[in-house]
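The values are calculated or read from the model by the stated rules, or taken from the named source; none is laboratory data. Note that this is a predicted model, so its numbers are computed, not measured. Cβ: placed from backbone, ideal geometry, glycine included. Neighbour counts: every protein chain shown.
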Amino acid sequence: MLQFLLETSWWIPCYGLVGAVLTLPWSIGLIQRTGPRPAAYLNLLMTCLALVHGAIVLRGVWHQDPQVILLHWFQAADLDFSLALTISPVSVGAMEAVTGLSLLAQFYALGYMEKDWALARFFALMGIFEAAISGLAVSDSLFLSYALLEILTLSTYLLVGFWYAQPLVVTAARDAFLTKRIGDLLLLMGVITLSTMAGSLNFPDLYAWADTAELSASTSLLLGLSLIAGPIGKCAQFPLHLWLDEAMEGPNPASILRNSVVVAAGAYILIKMQPILALSPGALTVLIVIGSVTAVGASLVAIAQIDIKRALSHSTSAYLGLVFMAVGLQWTDVALLLLLTHSIAKALMFMSIGSVILTTNNQNLTEMGGLWSRMPATTIAFAVGSLGLVGLLPLGGFWAMYQAIYSFWFGQPILVTIVLLVNGLTIINLLRVFRLTFLGQLQPKTRRSPEVAWPMAVPMVSLTVVALLMPLILHNFSLLPDWSYTNKIIVVLLLVSGLIGSAIGVTLPLNRGWSRTIYKPLRLAQDVLAYDFYVDRLYRLTVVAGINGLSRCSAWFDRYIVDGLVNLAGLSSILSGEVLKYSISGQSQSYILAIFLAAGVLGLLLTWSIW
Amino acid sequence: MSNFPWLTTIIFLPLLASAAIPFIPDPDGKGRPIRWYALVVGLIDFTLMVYAFCTQYDFGNPGLQLVESYNWIPQIGLKWSVGADGISMPLILMTGFITTLATLAAWPVTFKSRLFYFLILAMYGGQIAVFAAQDMLVFFLVWELELIPVYLLLAIWGGYKRQYAATKFILYTALSSLFILVAGLAMAFYGDTVTFDMRELGLKDYSLGFEMLVYAGLLISYGVKLPIVPLHTWLPDAHGEATAPVHMLLAGILLKMGGYALIRMNVEMLPAAHAKFAPALVILGVVNIIYAALTSYAQRNLKRKIAYSSISHMGFVLIGISTFTDLGISGAVLQMVSHGLIGASLFFLVGATYDRTHTLVLEEMGGVAQKMPKIFAMFTACSLASLALPGMSGFVAELMVFVGFATSDAYSLPFRIIVVILAAIGVILTPIYLLSMLREIFYGPENKELTSHEALVDAEPREIFIIACLLIPIIGIGLYPKILTQIYDATTVKLTSRIRESVPTLVQRDHPNPVANLPFQAATVDQAPRLGQS
C-alpha cells in the first residue's frame, strides 16, 4: 500500500486539477438546482485527499534518498523534454505546506465567498492554483517548473480578474498577467539557452553541467539575468513589482495564497536555480541589488498605504527581497527558512484582514478603528501574524531574521543594516495598521462588526496556533540554532531594531480625519511613497507610451504606405483605363489611322537594321 | 481496399455532392435541409479521411502514400496524381475538421443558403486537392479554383466593404499565383525531359541561378498567401469583411496553403536556393512577428486585430522552415496545424460576439461579460491559446521553433541570439494586444449604450460545441505533442536531412563523421536524401 502511494505521489498535484475539473458542471451552469456549494465541497475533498496522500508519502520518504519520477513528454532529435519529479523530504514537505495552506484558504473561502454567485468558478481556480504550486514543489525539471510558473501566471490572471465587472480589476488582471509574462518569457529564453548548452533541463543534469561549464562572463551574465527574470516577476521584485499591489483587487482567499505561497513558489524556483546562477557573479550581484532595493523600497511604500490589503502586500515584496538577497549570497537554507516563516505569518495576517474587510465592507484604513473589542479572534490572529513576521522574540520571523543576519554577518555589513532596517520599518507599518484597525475609537464603519462565522474562524484560529508553534516546529526539524551558541550581538541588534520600530510605531501620530498632512515636505514624501515612487507613471510615460507610439506608427505605415502602394497600383490601372476610354470614339477613320500608324512604327522598328 | 482511390474520393465527394444542392427541396426557404445536407456530407468526408489515414497510412514511412495517378490529358503530360505524406496529411485532416466545423458555424446563414453551402462544399474539395495534388499543373488549377468560392463568399456575404475586400483579394492572389504557373512551367521544361510531376521536378538538377529565380517567384506567390509582410494587406481587408465561417476557412486553412506550398516546393524541390534564401526568410519571419503584433495592437476593429495576429503567428512558420533542424521544421508544421485550430476558434468567437453586439469597434463594447459569461470564458481560453500558454498547442509549436532555431548549426551565434530575442519581443507583444482586447470587450462596467439596444444573449450549445471541438485538440496537442508530431516526424526528419545536403557547411559537418560530438545535431535517418526514392 505504502509503496503504491509512493509510486503514485505524482497524483498529489493532480488532485487539485481533478477538483477543478469536477466543478465544471456547476461553474458552467449545468447543475443549478443545488447551488454552487457542492462544487466547493468537492474541491475541499480533493485537497484533503492531497493532504492525506502527501502526509503518508512524507512519512514514507522521511530519512530516505530522493526518488525521481520521469515522464517522457516530448523528444525531437537529441532534445528530450522530460517531466521529472523529485520525491524527497524537502519537496514533499513543501508540497504538504502548500496543500495545507490551500486547504485552510479554501475553507476560509467557504465563509468569505458565501454570497458570491460564482463560487464554483472560484474553487475551480483555487484548484488549479493549488495544483500548479504543489507541482512546482516537487518538480525536478526546469522546463516543467517554467510551464507551471506560466500556469500560475494564468491562474493569477483569472483570480484577480474574478470580479471582472469592477472598474479597478479591469487593468489589474491584465497588468498582473503582462508583468509576470514578461518575466516568464525572459525565463523561457534562459531555458532555451540552457537546453542548447546543457542538453537537458532536469535539475540534477543542470547542476552537473554547471559544475564543469566554462562560459564567458557576458554569456553567463545574460543567462543568469534571463533566469532571474522569471522569479523577479513572480515575487513582485523591482522593476516587475507593480502587479502584486494591483492584484489586491481580487478576492481575499486568493490573496492569502498569493501573498504566502505563490510568491514563495517563485523564490523556490530561484533557490533551485541557484547553482546555475552561481556561474555568474554578476547575476548574483544583480540579485542582491534587486533584493535590497525592493526590501527597503517596498517597506517604505507600505507605510504610506491606506488600503489595508496593499499595506500588507508591499511588505510581501519586501520580505521576498530579503529572500533574494539570501539567494544572491548563496545562503539557500536561510532563504528557505525566511520563505517558510513568512508564508505562515503572511497567510495568517491576510486571513485576519479578510475577516475585517468582510465584516466592515471596507478596505480603507482611515475609516477603521476599535475592532479589538468586537473581533477578538481576528485581532489575536493579526497580532500573532505580525509577531511571527518580524524580528521580535520568540516567534518564527525572529529566527529567520537571525539566521539571515548571522549569514550576512561576516563581510556584508550593508546587508545586515538592510535586514535591520526592513525589520524596523515592517514593525512601524504593522503597528500603524494594527492601531488604525483594531485600537482606538469605534468608527461608523466598524461599529456593527461581529466576529466572523466559523468557516472563517476555524482556519484563522488553527493557523494562529501553527504560527505560535512555529519555533517548536523549527526546533523539531533542527532548524534553530542552539540558544547557547547564538551570537548575542545579533540578537541584541535585532531586538533593538525591533524596539526602535515599535517605539516609532506606537508614537506615530495617526490623524484619521486628515491623514494627508498639510506640512509640505512631509506631504511630498507621503505622496511619493503612497504612489509607489511613481514607478507606474514612469512606466506609462516610457514603456507603455513607447509601445503605443510604435504600434501607431506601424499601423499608420501599414495603412498608408504598404496598403497605399497596393491601392495606388489599383487606382493607376483604373485611371489609365479611364483615360484610354476616350480614344474609343466610334469613328472608324480614327481607328484605321491608329492601326496604320502603329503598323508603320512597327515596320520601321523591324526594318531598322536595313535602313 | 488498398487499391481504392481514397484521396480522389475524398476530394470529389464534396464536389459532386455540391452539385446536388440545387435539387434539394427547401419548403420554407430558410435553407434548413441544405445546411443539414452540407453538414452530413462534410462529416462523411471527414470520417472517410480519418478512416483512410488510419487504415492505409503508415506513420513510419516518410515518403508519399495513398498515391494515385491517372492520365488526364496525355498530350500535354497532364496527370491527375494525388498523394499524401507527413506534411500534407495533418493539413488534409485539419481541412476536413475545420471545414466541417465551419459548416456548423454557418448555421445562422439564411441569405442565399443554396449558393452558400454549394460554395462551402466546393471549397472543401478544392482545399484538400491543394494539399494532395502531386502534379504541378493540377496544383496550379486547384489553387486557382480555390479563389473563386472565396471571392464569392466574401463578395456576397461580407461586411460593408465586401466588394472592395473581395476584389482586392482576388486581384492580389490571382496575380501572385501567376508566378506559380510561370515557375512551374519553367521547372517543367528545364533540362531535356518535360514533366509536371512534383517528385520528378524535385529530382531535376537545376542550375543555381535558375533555382534562385524560380524560388523567388514562388516565394512571392506563397508569400501573398501565407502572408509575408509586406505582401499581406489583402488579409486584414478580407478577414475584416468576411463572415465567421468564411473567416474560419480563411485563417484556418487558406493561410496554411501558403506555408504548405513553401515547404513542398521551395524547401523540398529547390533546396540549393533555399539554403541561400533561408536567412532572408528568417528576417522576414521576425519582421512578420513584430510588425504584425505591433500593428495589431493599434487596430480598433476586432476582426482586423485578430487578422494581424494571424500574420504575426505565421512568422514562426517562416523561421521554422529555415532552421535546417528537425525540431524547427517539425515546429513549423505544428505551428500551421496549431494556428489553424486557434485561428479558427478565435475568428469564430469574434463572429459570435459580432452577432450579438453588431459592432466590431472596440470602443463601442465593454462589460459584455456580465451578459455573456460563457462567450467570455471561451474567448479567454482561445486568447490564452493564441498567446502561447504552456499546455496549449501554440506554446509547443513556438517553443519547438525557438529551440530549433537556437540549436541550428546553420547560423552564426550572434544572428541566432538576435533573432531569438526579437522573436521573443514579438511573443511579449502578443499578450499585450490580446489581453487589452479582452479587457475592452468584456471587463469593466457594462456599456449602457450597447446594452440599451442590443440583446446580448449568451452562447448557445452549438457554439459551445464548436469551441469545445477546437479546444480539445488544442489542449491535447499542448499537453502531449507527440500525438501529432509522431504522425509527420518521419517526413520532416527526412526533409531536414535532404535540405542539409545543400548547405555546404552543414554537409561537411554531417558527413565526414556522422556521429560528431556536436550536442545538437539533426539525426540523419537514412542516406537517401533525395525525395521519393524510398
Subject >> Whichever residue in region A:564-596 is within 12 Å of chain B (Cβ to nearest Cβ) and in contact with a helix residue (DSSP H, G or I) (Cβ under 8 Å, 6 or more places away or on another chain) and, among such residues, is surrounded by the most Cβ atoms within 10 Å (Cβ to Cβ) >> reply: A:VAL566
Original post:
under 30 Å from A:THR366 (Cβ atoms) and exposed (fewer than 12 other Cβ atoms within 10 Å of the Cβ) - does that describe any residue in region A:478-488?
Top reply: no
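Got a sec? Which helices (runs of 4 or more DSSP H) wholly within region B:388-467 have at least 1 residues that are surrounded by 17 or more Cβ atoms within 10 Å (Cβ to Cβ), within 10 Å of chain A (Cβ to nearest Cβ) and modelled with pLDDT under 90?
Ranges flagged: B:393-406, B:413-442.
Could you check region A:136-164 and list, in sequence order, the residues that are within 12 Å of chain B (Cβ to nearest Cβ), of a type outside the set (Ser, Thr, Tyr), assigned to a helix (DSSP H, G or I) and in contact (Cβ under 8 Å) with a residue 12 or more places away in the chain?
Scanning region A:136-164 gives A:PHE143, A:LEU144, A:LEU148, A:LEU149, A:GLU150, A:ILE151, A:LEU152, A:LEU154, A:LEU158, A:VAL160.
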**OP:** Filter region A:198-207 for residues that are among the hydrophobic types (A, V, I, L, M, F, W, C) and either in the same structural domain as A:GLN75 (by TED's automatic domain parsing) or in contact (Cβ under 8 Å) with a residue 24 or more places away in the chain (or both) and give the result.
**Re:** A:LEU201, A:PHE203, A:LEU206
Original post:
Condition test on A:PRO509, is it modelled with pLDDT under 85 and exposed (fewer than 12 other Cβ atoms within 10 Å of the Cβ)?
Top reply: yes
Original post:
A:GLY600 is checked against (1) of a type outside the set (Ser, Thr, Tyr); (2) farther than 24 Å from B:TYR164 by Cα; (3) within 14 Å of chain B (Cβ to nearest Cβ) and fails just one. What number does that condition carry?
Top reply: (3)
Original post:
Which helices (runs of 4 or more DSSP H) does region A:215-321 wholly contain that include 2 or more residues that are over 18 Å from the mean Cα position of the chain (by Cα)?
Top reply: A:217-234, A:263-277, A:281-303
Subject >> region B:52-75 residues that are more than 19 Å from B:LEU13 (Cβ to Cβ), paired with ones that are exposed (fewer than 15 other Cβ atoms within 10 Å of the Cβ) (beta carbon under 6 Å, 6 or more apart) >> reply: B:GLY63/B:SER534
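Take B:ALA244 and decide whether it is within 26 Å of B:VAL150 (Cβ to Cβ) and among the small types (Gly, Ala, Ser). Spell out how you get there, then give the answer.
Working: within 26 Å of B:VAL150 (Cβ to Cβ): yes; among the small types (Gly, Ala, Ser): yes.
Judged against the criteria, B:ALA244 is a match.
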**OP:** Please state which one of A:THR47, A:THR86, A:THR23 is touching a residue at least 60 places away in the same chain (Cβ under 8 Å), within 30 Å of B:VAL403 (Cβ to Cβ) and hydroxyl-bearing (Ser, Thr, Tyr).
**Re:** A:THR86
Original post:
Listed residues A:ALA283, A:ALA335, A:ALA326, A:ALA295; which is within 25 Å of A:GLN363 (Cα to Cα) and small (Gly, Ala, Ser)?
Top reply: A:ALA295
Subject >> Any chance B:GLY223 is assigned to a helix (DSSP H, G or I), small (Gly, Ala, Ser) and modelled with pLDDT of 90 or more >> reply: yes
Subject >> Selection from region B:367-387 of residues that are within 9 Å of another protein chain (Cβ to nearest Cβ) and assigned to a loop (DSSP other than H, G, I, E, B) >> reply: B:GLY367, B:LEU387
**OP:** Select, from B:TYR51, B:TYR37, the only residue that is aromatic (Phe, Trp, Tyr) and either modelled with pLDDT under 90 or surrounded by fewer than 18 Cβ atoms within 10 Å (Cβ to Cβ) (or both).
**Re:** B:TYR51
**OP:** Residue by residue through region A:169-204, note down the ones that are more than 9 Å from every other protein chain (Cβ to nearest Cβ) and touching a strand residue (DSSP E or B) at 6+ places or on another chain (Cβ under 9 Å).
**Re:** A:SER200, A:LEU201, A:ASN202, A:PHE203, A:PRO204
Original post:
With (1) under 29 Å from B:LEU208 (Cβ atoms); (2) within 12 Å of chain A (Cβ to nearest Cβ); (3) of a type in the set (Val, Ile, Thr) as the list, and B:ILE311 as the residue in question, which single condition is left unmet?
Top reply: (1)
Subject >> Which numbered condition A:ASP80 fails, given (1) loosely packed, with under 15 Cβ neighbours inside 10 Å; (2) at pLDDT below 85; (3) not aromatic (Phe, Trp, Tyr) >> reply: (1)
Subject >> Test: B:LEU294 is within 12 Å of another protein chain (Cβ to nearest Cβ) and assigned to a helix (DSSP H, G or I) >> reply: yes
**OP:** Would you point out the residue of region A:212-227, among those that are surrounded by fewer than 17 Cβ atoms within 10 Å (Cβ to Cβ) and touching a residue at least 12 places away in the same chain (Cβ under 8 Å), that is farthest from the other protein chains (Cβ to nearest Cβ)?
**Re:** A:ALA217
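Can you confirm whether B:GLN75 is part of a helix (DSSP H, G or I), farther than 30 Å from B:ASP355 by Cβ and of a type in the set (S, T, N, Q)?
It is true that B:GLN75 is part of a helix (DSSP H, G or I), farther than 30 Å from B:ASP355 by Cβ and of a type in the set (S, T, N, Q).
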**OP:** Tell me, please, whether a residue that is away from every other protein chain (no Cβ under 14 Å), assigned to a helix (DSSP H, G or I) and of a type in the set (Ser, Thr, Tyr) can be found in region A:106-118.
**Re:** yes
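Per-residue answers, yes or no, for (1) out of contact with any strand residue (DSSP E or B) (no Cβ under 6 Å at 6 or more places or on another chain); (2) within 21 Å of A:SER141 (Cβ to Cβ):
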residue	(1), (2)
A:PRO25	yes, no
A:GLN32	yes, no
A:MET46	yes, no
A:ALA55	yes, no
A:ASP65	yes, yes
A:PHE74	no, yes
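Quick one: is A:PHE74 within 14 Å of chain B (Cβ to nearest Cβ), assigned to a strand (DSSP E or B), without any contact (Cβ under 8 Å) to a residue 12 or more places away in the chain and more than 30 Å from A:LEU337 (Cα to Cα)? First the steps, then the outcome.
On the way: within 14 Å of chain B (Cβ to nearest Cβ): yes; assigned to a strand (DSSP E or B): yes; without any contact (Cβ under 8 Å) to a residue 12 or more places away in the chain: yes; more than 30 Å from A:LEU337 (Cα to Cα): yes.
So A:PHE74 passes the test.
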Subject >> Selection status of A:ALA555, away from chain B (no Cβ under 14 Å) and either part of a helix (DSSP H, G or I) or touching a residue at least 60 places away in the same chain (Cβ under 8 Å) (or both) >> reply: no
Original post:
What are the residues in region A:309-330 that are surrounded by 24 or more Cβ atoms within 10 Å (Cβ to Cβ), farther than 18 Å from A:VAL416 by Cα and not hydroxyl-bearing (Ser, Thr, Tyr), if any?
Top reply: A:ALA311, A:LEU312, A:HIS314
